Amino acid sequence: MREQFKDLNLNNWFLFAALLEDPEACRLVLEIILGRKISKVNVRTEHSIFLNSDARCIRLDVHATDEFNMNYNLEAQNSDYKKDIARRSRYYQAEMDVAALKPGEPFENLPDSFVIFICTFDPFGRGRYCYTFREVCDEDGHPLGDGTVKIFLSTQGRNADEAPEELVHFLGYFVESTDKYVATVSEDSIRTLHDKVTTLKKSREWEAGYMKFEELMNWQKSEGFAEGKLEGELKGELKGKLKGKLEAICLLLSELGELPDEVRIRIEAETAPEKLATWLKLAAKADSIDAFVEQM
């Protein structure tokens, strides 16, 4: 049974992405996780993969950049991906690097980057609230200095005496985003986040977006799609990924009216992943089929 929007906790993919659409909320979350001040955060929208009926973008994974051009990818992890979560982080890292460096640019221009997974399970089974990984030399532990960091947070941590109290309280709030829980903590950062969450939950626009999101998720599950990313992509073979994008495009357009056969044929004939990704975003933003066709 679908959870009511007003009852969601922050570990819900939709609510997490919707909250971090707000640069101030994203900045606060990063400060809590990293334990340092960040002056400004830009939340990047080029990774948008879903829109509600009023063309508002959200993401399942949030991409952001700070004032020092450091890149961040944050995602809520609710399914127990212990077996593949490390390789999943490797994939996300590669995806960020490809997007950050233009062809012909020197590698020295590649920005430092953080992949951050906030998990409702213990990804490594060692009872920690936070696991931080950097590349080091096997022989002497010397850091490689490639500028990459992978952070796995767990709401199931048991080492509260070793972890920052603010982080522990944030992870508690992540799975219990309620007035009752917030009353038990003293951090202004968490209270500010909760105020923003409360405002989101009162928005009819976001509630409608959540309902549409759930419908598309259920459709994907019934078609055998992977739950990892809401971009119509199947895990594994390229053929499956292309099929997912094709069907997601057609689904979004069908909500705008009857899809002409010639448009459907053109979409289904396309095999270039980049083109399909562009069309997927266009389909999500379009307010009519004609508007979509004009930009194809």
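The values are calculated or read from the model by the stated rules, or taken from the named source; none is laboratory data. Fair warning: this is a prediction, and the values are worked out from it, not measured in the lab. Cβ placement follows ideal geometry from the backbone for every residue including glycine, while neighbour counts extend to all protein chains displayed.
Within segment 74-116, the residues that satisfy the criterion of being closer than 23 Å to G145 by Cβ and among the aliphatic types (A, V, I, L, M) are A86, A94, M96, V98, A99, A100, L101, L110, V115, I116. Of all residues in segment 16-32 being touching a helix residue (DSSP H, G or I) at 6+ places or on another chain (Cβ under 7 Å) and among the hydrophobic types (A, V, I, L, M, F, W, C), which is surrounded by the fewest Cβ atoms within 10 Å (Cβ to Cβ)? Filtering first and then ranking leaves I32. Check segment 129-141 and report whether any residue there is of a type in the set (G, A, S), in the same structural domain as K37 (by TED's automatic domain parsing) and surrounded by 12 or more Cβ atoms within 10 Å (Cβ to Cβ). Within segment 129-141, none of the residues are of a type in the set (G, A, S), in the same structural domain as K37 (by TED's automatic domain parsing) and surrounded by 12 or more Cβ atoms within 10 Å (Cβ to Cβ). Taken over segment 1-32, the criterion of being among the hydrophobic types (A, V, I, L, M, F, W, C), at pLDDT 90 or above and under 16 Å from the mean Cα position of the chain (by Cα) is satisfied by L10, L15, F16, L19, L20, A25, C26, V29, L30. For segment 178-194, filtering for residues that are assigned to a helix (DSSP H, G or I) and farther than 20 Å from E31 by Cα leaves 3.
All of (1) of a type outside the set (D, E); (2) part of a helix (DSSP H, G or I); (3) surrounded by 15 or more Cβ atoms within 10 Å (Cβ to Cβ) hold for I151 with one exception: (2).
Per-residue answers, yes or no, for (1) β-branched (V, I, T); (2) assigned to a loop (DSSP other than H, G, I, E, B); (3) under 25 Å from the mean Cα position of the chain (by Cα):
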| site | (1), (2), (3) |
| --- | --- |
| F117 | no, no, yes |
| E139 | no, yes, no |
| D146 | no, yes, yes |
| Q156 | no, yes, yes |
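Residue by residue, here is whether (1) closer than 20 Å to A17 by Cβ; (2) aromatic (F, W, Y); (3) at pLDDT below 75 holds:
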| residue | (1), (2), (3) |
| --- | --- |
| G209 | yes, no, no |
| Q220 | yes, no, yes |
| A226 | yes, no, yes |
| G240 | no, no, yes |
| L259 | no, no, no |
| F292 | no, yes, no |
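Scanning segment 158-177 for residues that are in contact (Cβ under 8 Å) with a residue 40 or more places away in the chain and not in a helix (DSSP H, G or I) returns P164, E176, S177.
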